[in-house]
Amino acid sequence: MTARLIDGKAVAATLRAEVAEKVRAAGFTPGLAVVLVGEDPASSVYVRTKDRAAREAGIDARTIRLPADTSRTDLLGVIQALNDDAAIDGILVQLPLPNGIDAQAVIEAIDPAKDVDGFHPVNVGHLANGRPTLVPCTPLGVMKLLRVTGIETSGARAVVLGRSAIVGRPMAALLLTADATVTIAHSRTRDLPAQCRGADIVIAAVGRPEMVSGDWIKPGATVIDVGINRLPDGRLVGDVAFESCREVAGAITPVPGGVGPMTVACLLENTLTAALRRR
């Protein structure tokens, strides 16, 4: 068996086109502000990608660049100004933040109605209660990939590898809402391979290069690789050993070109959603 590829790049392109069409039909220009503190190279590249995608979709994107030594007080002041700015519908603070700045305090300072990352405790609470509002972009993108690919979640057993607040926990909540039976596995889980072998859907988000091998996967299962890791030789790989898993799985996402493009597309959709709700 060779798994079919789940082409996140193609699905994301379709979603971005749909968002652009809805923006044109809305009759106004949504505004997105991205706050970047410091000069982390990966974050800088990611912010440029978001900025370009937003503009292509007809969203007014504003990037606010602050030096790495910006104080918490000054950063919170910037966020409050964006909360008060009627032209801004979505606010995203690029993580990670420099040492010394409490990321959670910053997230909680964002107006929940403008929290297009979906990390504010109000939005997290709605998601946990099965009534999602603004949802973290990466898990939302995974759910869209499953739906577009025709992967049945209702009644399926899903294993989420990773318990981060950014991916693992919201991913589990979305799968529960979609009627899956969900296990969250992590570094303390006993016999991790056995947990995965019983799953119809495996979602890897642990940040360890190629950790999940083909002998962890049940034949015909769906494998979603959220990880992106750069090896010493410069190659980008996921948390899944792609070639060995592809020989066993029924469907699998590649890295790159799988979940990554969906994260950006869902950010645009969240921005439009926030803009429409605010109006």
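The values are calculated or read from the model by the stated rules, or taken from the named source; none is laboratory data. Worth saying up front: this structure is predicted, and the values here are computed from it rather than measured. A quick note on method: Cβ atoms are made from the backbone with ideal geometry, for glycine too, and the neighbour counts reach across all protein chains shown.
If the Cβ limit is 6 Å and pairs must be 6+ apart or interchain, which residue in segment 83-94 that is closer than 15 Å to residue 36 by Cβ pairs with which residue that is at pLDDT below 95? Once the first residue is closer than 15 Å to residue 36 by Cβ and sits in segment 83-94, its partners that are at pLDDT below 95 give 94/43; 94/47. The condition of being within 23 Å of residue 263 (Cα to Cα) and either in contact with a Leu (Cβ under 9 Å, 6 or more places away or on another chain) or β-branched (Val, Ile, Thr) (or both) holds for only one of 10, 61, that being 61. Residues that are modelled with pLDDT of 95 or more and closer than 16 Å to residue 92 by Cβ within segment 20-40 comprise 30, 31, 32, 33, 34, 35, 36, 37, listed in sequence order. Starting from residues that are buried (at least 18 other Cβ atoms within 10 Å of the Cβ) and at pLDDT below 95, keep the ones in segment 99-148 and report whichever is farthest from residue 279 (Cα to Cα). My answer is 101. Exactly one residue out of 33, 12 is buried (at least 19 other Cβ atoms within 10 Å of the Cβ) and more than 16 Å from the chain's Cα centre (by Cα), and it is 33. Just to be sure before I move on: is residue 187 at pLDDT below 95 and surrounded by fewer than 17 Cβ atoms within 10 Å (Cβ to Cβ) in the structure I sent? For residue 187, the condition - at pLDDT below 95 and surrounded by fewer than 17 Cβ atoms within 10 Å (Cβ to Cβ) - is met.
Within the option set 210, 247, being more than 17 Å from residue 145 (Cβ to Cβ), surrounded by 17 or more Cβ atoms within 10 Å (Cβ to Cβ) and charged (D, E, K, R) holds for one residue only, 210. Taking the criterion of being farther than 12 Å from residue 211 by Cβ, under 20 Å from the mean Cα position of the chain (by Cα) and either surrounded by 14 or more Cβ atoms within 10 Å (Cβ to Cβ) or not charged (D, E, K, R) (or both), the residues of segment 228-241 that qualify are 228, 236. Of note, residue 17 does not satisfy the criterion of being at pLDDT 95 or above, under 20 Å from residue 257 (Cα atoms), crowded, with 18+ Cβ neighbours inside 10 Å and not β-branched (Val, Ile, Thr). Take the residues in segment 50-79 that are part of a helix (DSSP H, G or I) and among the β-branched types (Val, Ile, Thr), then tell me which one is surrounded by the most Cβ atoms within 10 Å (Cβ to Cβ). Filtering first and then ranking leaves 79.
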